[in-house]
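What follows is a short report on a single structure.
Every read-out reported here was derived from the displayed coordinates using simple, explicitly stated rules and does not represent laboratory data. From a predicted model like this one, the values you see are computed outputs, not experimental measurements. Please note: Cβ atoms are built from the backbone with ideal geometry, for glycine as well, and neighbour counts cover all protein chains shown.
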C-alpha cells in the first residue's frame, strides 16, 4: 500500500459520504411519505 495516493483515499471518503447522504435522504423521504395522508 502506498500512502502517497491522497486522491484514492479522498475518493473512498467521497463514496462513503455519498452512500451515507443518500441513505439519510431516503429515510427523510420515507418519513415525509408516511406523514402524508393516503387520499388515493
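Tell me, in nm to one decimal, what length is gained between residue 8 and residue 23 on full extension, where the rule is 0.36 nm per residue of separation less the Cα-Cα distance?
That works out to 3.1 nm of additional length.
Spin-label point model (7 Å from Cα, Cβ direction): what's the residue 34 to residue 15 distance in nm?
Those two pseudo-labels are separated by 3.1 nm.
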